[in-house]
Amino acid sequence: MADMTRRSAPRTRHDADRRTRYFAVMSFERFIAARRTVGFEIANRILVRAADRILAAMQAGSVGRIGHDTIEFTFRAADAAAARNDLAGCLTLLERRLEIGGVSFQLTGTVAFAAIPTGQAAITDELFDAVIATLSGDDAGSGRIRHVDPALPIPVQLDDLALLRALPGALAGNELTLVYQPKLDCRTGLHLSAEALLRWVSPRFGAVNTLRMITLAERTGMIRDVTLWVIRQVLRDLAVLEAAGQPLTVFVNMSGPLLADQAFMTEVMRLIAGTPPRVGIEITETSVIEDPEAAIETLAALAAAQIPVAIDDFGSGLSSLAYLKRLPVNELKIDKMFVSQLTSSNRDPLIVRASIDLAHAMDMTVTAEGVEDAMCQSLLQVMGCDALQGYHISRPVPLPDLIAFLRTRGEERPARRAPAGTVRLVRGGSTQG
């Protein structure tokens, strides 16, 4: 994001009148892709030049912030029609070709705007969200200049920036929750572990896609706060499980970029080491492939702290077997894309059986995910699969429902400790559920 302080256009004779103040956000088509081509420095200079053109075009306007492909600004106009006319002239000015650092560039913009209520100095979250939602709308007939009419319902579609602005409040206000999907051990018939999956149901936005939330948090660094919240909540839930006589091992998802963050991983180990090893960690295979030596070093430290580790999406990257023989692994999880077609495909049963045989030959246990029916469960058990996970076993459920689920199956059992230094390999599957 370009570092730009608030700037204003020169004062005019109209400044003393009572014209309406408007807030606007302008985005530029295909600018993120162009930014990767020309580089951040030139791209930021292009946006700053665009901001100068906005100031030149809009009377009594001011630019407040420049984003990756957006510019936020305020201006004054007699009414919405006049504001629309001024913005049309602004877009025409912006479309004049720019040349910066030997690169020729032509901007194509879309802008959404709304009136700022009289007497209101700051841009409220509600006004900001309404403008962003209108800017991000898919209505092809809305055109390149989009007015937020206060008499109409605010669009429910929100862009990434609006969600990021709301995420800190969601963390502080306990809007995030966890659900758990248990795994069935085929030999004992018990559910010995579960995966914690994050959910966000916002009072303002409704249910937020978890993968989208995690991706955005990774881009901004907020993934650290989110992950620490998850781990702390899992520890609280584990205490409830222990008191209920259900001592499960719970795995939480760890974002790949955090694996190389030594300070963060030290904080994670401080939180969950030194207690019964009931918290496991899942990381993606890509985080191992990007920096294998650092990843292996971190895995070794986690294993030494008796923290089980899961490698998610294993097999989706390169040189999987080369990494497999180097990692201290004791469990292989077969991706649901193979399991879901187990009873209808000719090739998938061969792949599943070969995976089970390979894992057993390497002294690993095997878990199959995506088990959706009794026939699939029976076939996997005949093949020698060690554990099963999927909707036929249990959907992801809140903690009280998890305890009730386990109790209905008579799974009252004494506390058990997971093997020290266990590292668990997971192949495929969703990191966020």
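The values are calculated or read from the model by the stated rules, or taken from the named source; none is laboratory data. Here the structure is a predicted model, which is why all the values come from computation and not from measurement. For neighbour counting, all protein chains shown are included, and Cβ atoms are generated from backbone atoms with ideal geometry for every residue, glycine included. Areas reflect the complete protein model, heavy atoms only, side chains present, ligands, DNA and RNA absent. Shrake-Rupley method; radii C 1.70, N 1.55, O 1.52, S 1.80 Å.
Considering only residues that are in a helix (DSSP H, G or I) and among the small types (Gly, Ala, Ser), look in the stretch 369-413 and name the one that is nearest to the chain's Cα centre (by Cα).
The residue in question is Ala404.
Residues of the stretch 73-101 being of a type outside the set (A, V, I, L, M), closer than 14 Å to Ile145 by Cα and out of contact with any His (no Cβ under 8 Å at 6 or more places or on another chain), which ones?
Once the filter is applied, which keeps residues that are of a type outside the set (A, V, I, L, M), closer than 14 Å to Ile145 by Cα and out of contact with any His (no Cβ under 8 Å at 6 or more places or on another chain), the stretch 73-101 yields Asn85, Asp86, Gly89, Cys90, Thr92.
I'm trying to understand the selection: among the residues of the stretch 78-129, which are in a helix (DSSP H, G or I), within 23 Å of Leu164 (Cα to Cα) and modelled with pLDDT of 80 or more?
Leu127, Phe128
With respect to Ile145, is the statement that it is of a type outside the set (Asp, Glu) and at pLDDT below 80 true?
No: the conditions fail for Ile145.
Could you give me the residue pairs with C-beta distances under 7 Å whose first residue belongs to the stretch 285-305 and is under 15 Å from Pro257 (Cβ atoms) and outside any helix (DSSP H, G or I), whose second residue is open to solvent by 30 Å² or more (accessible area, probe 1.4 Å) and at pLDDT 70 or above wherever it lies, and which are 6+ apart or on separate chains?
Here the result reads Asp291/Ala260, each pair linking the stretch 285-305 to a residue that is open to solvent by 30 Å² or more (accessible area, probe 1.4 Å) and at pLDDT 70 or above.
Among the candidates Leu178, Leu184, which residue alone is modelled with pLDDT of 90 or more, open to solvent by 10 Å² or more (accessible area, probe 1.4 Å) and more than 21 Å from Ser255 (Cβ to Cβ)?
Criteria check complete, one pass: Leu184.
Got a sec? Which of Ala239, Ala322, Ala244, Ala263 is modelled with pLDDT of 80 or more, open to solvent by 20 Å² or more (accessible area, probe 1.4 Å) and more than 24 Å from the chain's Cα centre (by Cα)?
Within the list Ala239, Ala322, Ala244, Ala263, the selection yields Ala239.
All but one of (1) under 22 Å from Pro396 (Cβ atoms); (2) surrounded by fewer than 17 Cβ atoms within 10 Å (Cβ to Cβ) hold for Val250; state the number of the condition that does not hold.
For Val250, the failing item is (2).
Just to be sure I understand the filter: pairs with C-beta atoms under 7 Å, separated by 6 or more residues or on different chains, first member in the stretch 346-362 and more than 10 Å from Leu332 (Cα to Cα), second member of a type in the set (A, V, I, L, M) and assigned to a helix (DSSP H, G or I). Which pairs pass?
Note: pairs meeting the criteria are Val352/Val339; Val352/Met383; Arg353/Met383.
Is it true that Ile32 is in a helix (DSSP H, G or I), at pLDDT 65 or above, touching a helix residue (DSSP H, G or I) at 6+ places or on another chain (Cβ under 8 Å) and among the β-branched types (Val, Ile, Thr)?
no
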